[in-house]
Structure formats: structure tokens, C-alpha cells
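Structure first, commentary second.
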Amino acid sequence: MSDAIAFTTDLRARLGSARDQGPRPTCLAFAASDLHAAVRPGWDPLSCETAFFHAQRRAGRPPTVGATLPSMLEALAFDGQPLEGAWPYPSDSPTTPSAWTPPPFPDGTFKRVGCELAPQWSELTDQIGRGRPVLLMMMLSPSFFRPVQGVVAAANDEAPDPTLRHAVLAVAHGSVNGKSAVLVRNSWGESWGEAGHAWLAADFVVTRLFGMALLEEDDNVPSRSAAA
């Protein structure tokens with residue numbers, strides 16, 4: 001039997017197809033890049049590699065580990081991103097940190113100021129209701145890896161794993177079988193869930209959510225100034 005799904009707010013029209021990060025630890029760069037692109041006019045994918053590079057540079061972290069949310073927000077605000085084609089995402093991590101260098105961006109970069117939010121369900125659904133996609137930082141558990149017909153359904157005794165941390169983008173709010181839920185956009189390609197999206201119930205999210213962030217809808221920093 002199919003789940004009964006009802007949308008209250010659906011923001012997917014602001015984004016293109018879900019992308020695939022591959023085996024690299026770049027989920028936050030993908031979620032932040034897609035959020036950045038979603039708050040700009042139209043849909044032009046932005047360079048995930050640029051966002052990841054600058055976030056890791058600011059935090060002093062290598063390309064073989066994930067980024068932190070504060071460093072990612074700093075990178076978007078102060079370094080910015082070009083369009084995806086200016087520095088396309090490679091499937092493999094750089095072999096050495098010294099080999100990881102951005103190309104020149106003669107057309108400059110797009111920048112965007114963001115902020116962290118208290119990781120609360122009411123805040124999450126309120127922001128989506130206002131038409132704002134929300135970046136989520138979550139701990140995972142087995143059911144997240146295998147959505148069924150676009151719904152992640154956890155067993156009653158399934159606990160989150162603190163070592164499995166992941167970033168996704170919440171793009172819709174509604175209900176699944178009468179229970180409040182959000183639809184998230186993942187970065188594992190279109191084969192995950194339904195075209196790269198899946199519903200997460202409120203009780204699943206609140207026990208796993210440890211971070212949230214927004215990006216400003218309006219440009220309030222120079223949008224095409226050269227990256228530092």
C-alpha cells in the first residue's frame with residue numbers, strides 16, 4: 001500500500017535535478033551550493049568544489065574529511081562560488097592538498113550571507129512555509145539509506161548513529177499518513193528515494209537534527225566580486 005502524502009508547501013520548482021556527490025565527504029558543499037542556487041533567480045548550479053575548497057581552507061581541514069557548517073557559511077559569504085562549469089566537481093579527492101588549487105574565475109563569484117538557526121522542528125516548518133529552503137545537519141541511521149517509495153520509515157528501536165553525519169536540503173513540508181513530515185533533497189543522485197528526494201517524519205528528524213541554516217534571499221554582499 002502506498003503512503004498517503006499531502007503537500008503543504010513545495011519548493012522543488014526552485015531547484016533543478018538532484019546531484020551526486022559520489023564517495024567524497026562533500027554533502028555539506030552540495031546542500032549549501034544547491035541552497036545558494038535556489039535563492040538566486042532562475043536555476044544555475046554553482047560550483048560545489050569551490051565551496052568545499054574555501055570552507056576547508058578557512059577551517060584548516062584537508063579535502064578527505066567533511067566541512068563544518070560555520071566554515072561553509074563563511075566561504076559562501078566571503079569567497080563565493082562561480083557557476084559549476086568554472087570549476088567542475090571531480091569524482092575523486094585531490095591526491096595531495098598542494099594539488100588542490102582553484103582555477104581563475106575571470107567572471108568573479110556569487111556570494112551570499114547565511115545564518116545558523118536553532119535546530120527545532122517548528123522553526124524548520126515555519127521557514128519552509130515562508131518559502132525558504134533550509135539546510136539540515138543530521139545524524140543518520142539505517143533506514144535513511146533505503147527509502148521506500150520516497151519515504152524513510154525507521155523501525156521503532158532504530159537509533160541515530162553519532163558517527164554518521166550528513167547534510168541535506170529541506171524543500172517541502174506536508175504530511176505522510178497524517179503525520180507531519182518534510183521532504184529533503186539529498187546529494188546521492190536521482191536513484192535515492194524519488195528522484196533524489198525522500199520524506200522524513202517529524203519524530204525521525206527531531207531525534208537526529210543537530211544543525212540548521214538559511215541563506216539570505218536578497219543579495220547583501222557584492223555578487224560578482226572576485227574571490228579572496
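The values are calculated or read from the model by the stated rules, or taken from the named source; none is laboratory data. Worth saying up front: this structure is predicted, and the values here are computed from it rather than measured. Don't worry about glycine lacking a Cβ; one is built from the backbone with ideal geometry, like all the others, and counts go over all protein chains shown. Just so you know, the surface numbers come from the protein's heavy atoms only, side chains and all, with ligands and any DNA or RNA stripped out. Shrake-Rupley method; radii C 1.70, N 1.55, O 1.52, S 1.80 Å.
Worth pointing out:
- Compactness index (Cα Rg / 2.2 N^0.38 Å), region 128-228: 1.20
- Spacing of the two label points (7 Å from each Cα toward its C-beta) at Ser91 and Gln149, in nm: 3.4
- Gyration tensor (Cα) of the chain, equivalent ellipsoid semi-axes in angstrom: 29, 19, 15
- Charge dipole magnitude, Cβ of K and R +1, D and E -1 - the chain, Cα centre, debye nearest 20: 240
- The mean sequence distance of close C-alpha pairs (under 8 Å, at least 6 residues apart), as a share of the length of region 1-139, puts its relative contact order at 26 percent.
- The longest stretch of the chain left intact once loop-based trypsin sites (Lys or Arg not before Pro) with at most 14 other Cβ atoms within 10 Å are removed from consideration, loops following DSSP, is 1-129.
- Average accessible surface area per residue within the chain, 1.4 Å rolling probe, Å²: 44
- Residue by residue, region 91-97 carries 3J(HN,Hα) couplings of 6, 10, 5, x, 5, 9, x Hz when phi is fed to the Karplus relation 6.51 cos²θ - 1.76 cosθ + 1.60 (θ = phi - 60°); x denotes Gly or Pro.
- Global form of region 1-132, assessed from the alpha-carbon gyration tensor, a/c cut-off 1.5: prolate
- Mean-position separation - Cα centroids, region 198-220 and region 89-160, in angstrom: 9
- Using θ = phi - 60° and Karplus 6.51 cos²θ - 1.76 cosθ + 1.60, couplings along region 193-204 (whole Hz; Gly, Pro as x): x, 9, 6, x, 10, 7, 8, 10, 6, 4, 5, 5
- Along the axis of the charge dipole computed for the chain (Cβ charges of +1 for Lys and Arg, -1 for Asp and Glu, origin at the Cα centre), the listed residues Gly174, His36, Val184 are led at the positive end by His36.
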